[in-house]
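Working notes, structure below.
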Amino acid sequence: MNLIAKVPPDTQDELSFYEQAVSSRMLLGTALYPSPQVMADAVKASGCQIVTVSLRRESARGKVGARFLELINSLDVHVLPNTAGCRTAKEAVTTAQMARELFGSEWIKLEVIANDDTLQPDLFGLVEAAELLNKDGFKVFPYTTEDLGAAERLVAAGCRVLMPWGAPIGTGRGLANPYALKTMRNYFPGVPLVVDAGIGAPSHAAEAMEMGYDAVLLNTAVARAADPVKMATAFAMAIEAGRMAYQSGLMESRDMAAPSTPVAGTPFFDLGAPPKR
Amino acid sequence: MSRTGTCSSAGEKIQINVNGEECSTQARTLEALLISLEFTKIRVATAINGEFVPASQRASIQLSTGDNIEIVSARQGG
């Protein structure tokens, strides 16, 4: 099942979020799968150690949450609750406080949404909520854009990880603004950076990792695949490959062709160019 | 949840809103409300009028007519 386990983990290449070391550079969402069992199998196949979850209204006598919590706990992964759907800093802060009590974790994936069509982060509300939550002892994973000013404010507020979008949530369009993402990587060399949202294919995830991003967070691309379990493995391999490529140092691209086969000793080389026909 | 069913009982009632639905209840504390709605053994988190209410404060928080109560639990998320 877990093909990625065949790749020996690089023990020298550790990633930590708020002092918590993880060996997998994939964070996986738990929504939109065909069934809870497929979700559980996909999480196992991915080898990921962090999954995102949410809070939603529970109905009277309802046990939906209890069953879901039991399944998540059986996966033996770190839980990263989100504030998905929150439109103000206030809503996000209250949701984070409820999540901390329910999941027993100070980790929070902070989302403050500005617009229903784009689901883009409201950077003003995001910074406001991050400041309040950091003061309250939370370990904030802010879902943000590539905006460097907002990112600086988030870091100043105490965030020790940043999660810029690749493209709007659920679009699967990949890295819409690679230049801005590269700039952000260079601007914050010491801050763990996670591309969150918009990833549609393993190649998108590999591209983010090749840029030097520390990890990738995705959900729909795995959950909505025809075979989510196999796709989870595909993403895990792509993320691993992208990381190894980044560590290996990619070649510089160039505009003109350059032969890879040695020119010296080419037969007929000294006979001049063949006659034009 | 029926609009009045599970949270109605004998005695003077107040009108509150639970998870977006109107609710007529005799409960005067958040804890009493959770018991009347049979949440007692289920892990939930709560808020009143947009403010988080820790589990430890549910017995002491008084409910008033017009309060908006949120009762949430774990769900799938991205």
Inset, instruction - Would you mention how many residues in the stretch A:189-203 are in contact with a helix residue (DSSP H, G or I) (Cβ under 9 Å, 6 or more places away or on another chain), open to solvent by 20 Å² or more (accessible area, probe 1.4 Å) and not in a helix (DSSP H, G or I)? - result: 3
Inset, instruction - Restrict the check to the stretch A:33-46 and report whether at least one residue is at the interface with another protein chain (Cβ under 10 Å from one of its Cβ atoms) and open to solvent by 40 Å² or more (accessible area, probe 1.4 Å). - result: yes
Legend entry - Hits in the stretch A:213-248 (condition: charged (D, E, K, R) and in contact with a strand residue (DSSP E or B) (Cβ under 6 Å, 6 or more places away or on another chain)): A:ASP214
Inset, instruction - Of all residues in the stretch A:239-258, count the ones that are assigned to a loop (DSSP other than H, G, I, E, B) and of a type in the set (S, T, N, Q). - result: 1
Inset, instruction - Looking only at the stretch B:10-23, decide whether some residue is closer than 16 Å to A:ARG61 by Cβ, open to solvent by 30 Å² or more (accessible area, probe 1.4 Å) and within 14 Å of chain A (Cβ to nearest Cβ). - result: yes
Inset, instruction - For residues that are in contact (Cβ under 8 Å) with a residue 12 or more places away in the chain, at the interface with another protein chain (Cβ under 7 Å from one of its Cβ atoms) and not in a loop (DSSP other than H, G, I, E, B), tally how many sit in the stretch B:47-69. - result: 1
Legend entry - Matching residues in the stretch A:221-243 - criterion: being among the charged types (D, E, K, R) and surrounded by fewer than 22 Cβ atoms within 10 Å (Cβ to Cβ): A:ARG224, A:ASP227, A:LYS230, A:GLU240
Inset, instruction - Output the residues belonging to the stretch A:53-102 that are open to solvent by 60 Å² or more (accessible area, probe 1.4 Å), part of a strand (DSSP E or B) and either at pLDDT below 95 or over 26 Å from B:CYS23 (Cβ atoms) (or both). - result: A:HIS78
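The values are calculated or read from the model by the stated rules, or taken from the named source; none is laboratory data. Values in this document were obtained by computation on a predicted structure and should not be read as measured data. Every residue, glycine as well, gets a Cβ built from its backbone with ideal geometry; the counts of neighbours run over all protein chains shown. Just so you know, the surface numbers come from the protein's heavy atoms only, side chains and all, with ligands and any DNA or RNA stripped out. Shrake-Rupley method; radii C 1.70, N 1.55, O 1.52, S 1.80 Å.
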